[in-house]
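Student: I am attaching a structure below and will ask some questions about it afterwards.
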Amino acid sequence: QTKGAVADYRALEGRRSQLQLIFTAIYVTVAVLLLMAAVWIGLVFADTLVRPLRELIMASERVRAGDLSIRVQGSDSTDELGSLARSFNRMTNQLESQRRELIEANRQLDQRRQFTETVLSGVSAGVLGLDEDGRVHLPNRSATELLGRSVDELVGHTLESAVPEMAELLESARSRQGRVVEGQVKVRRHGEMRILLARIAAERLDGEIRGF
């Protein structure tokens, strides 16, 4: 009877070891599954946070490249990222609108310039258009012939440097409010002396000179 009890005890002892191994394997398996689930949840959560930022970075690069039509998603969200997305979309909307306005303004200015050049090309008198700083931006053909200067020697240069003989008249036009300044100017070009009658009028807007 004692031998039978010992055999039963040893059998139970062996089963206990097997059960311990089984429980250990189950524990390890569950722990690994929980760890994998935690890692997966963390990756999903991180992607949820990073995706809007990644979209903003990509959209910023496209805006830097000149594409102002790009918009980012997630502007309906109420968190900080949603506010950032809405601010970005408002910025691109404003930039796109301003670019359209600038393109239209430049188109109109170019049309006006072409129209003015066409009109002035048929005028026998020499005409120079100056900006507020006294730089020549619009000479007609008669002006280049009378002054003995090419278009490249006039456009973009101040009147004082391009035609120094007219510097005194221009200074008088700056100082005299709303008056046309007139005087004779002696211009020597290629050994030939020419006496020109010059008139300079300042174009003013709200009391400030906009051109001559």
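Student: So, in region 133-145, exactly how many residues are more than 25 Å from Leu205 (Cα to Cα) and either hydroxyl-bearing (Ser, Thr, Tyr) or surrounded by fewer than 19 Cβ atoms within 10 Å (Cβ to Cβ) (or both)?
Tutor: Of all residues in region 133-145, those more than 25 Å from Leu205 (Cα to Cα) come to 141-145.
Those left that are additionally either hydroxyl-bearing (Ser, Thr, Tyr) or surrounded by fewer than 19 Cβ atoms within 10 Å (Cβ to Cβ) (or both): 141-142, 144-145.
Final tally of qualifying residues: 4.
Student: Would you check which residues across region 152-183 are open to solvent by 80 Å² or more (accessible area, probe 1.4 Å), assigned to a helix (DSSP H, G or I) and under 22 Å from Val123 (Cα atoms) and list them?
Tutor: Listed by number, the residues that qualify are Asp152, Glu153.
Student: Does Gly129 satisfy the condition of being within 39 Å of the chain's Cα centre (by Cα) and not polar (S, T, N, Q)?
Tutor: yes
Student: For region 51-67, give me each residue that is at pLDDT 80 or above and in contact with a helix residue (DSSP H, G or I) (Cβ under 7 Å, 6 or more places away or on another chain).
Tutor: Listed by number, the residues that qualify are Leu56, Ala59, Val63.
Student: Something else: Return the residues of region 24-50 that are modelled with pLDDT under 85 and either open to solvent by 100 Å² or more (accessible area, probe 1.4 Å) or farther than 20 Å from Phe88 by Cα (or both); say none if nothing qualifies.
Tutor: Of everything in region 24-50, those that are modelled with pLDDT under 85 and either open to solvent by 100 Å² or more (accessible area, probe 1.4 Å) or farther than 20 Å from Phe88 by Cα (or both) turn out to be Leu43, Val44, Phe45, Ala46, Asp47.
The values are calculated or read from the model by the stated rules, or taken from the named source; none is laboratory data. Just so we're clear, the structure is a prediction, and the values are computed from it rather than from any experiment. Positions of Cβ are backbone-derived with ideal geometry, glycine not excepted, and every protein chain shown enters the neighbour counts. For the accessible areas, the whole protein counts, side chains as well, though only heavy atoms, and no ligand, DNA or RNA atoms are used. Shrake-Rupley method; radii C 1.70, N 1.55, O 1.52, S 1.80 Å.
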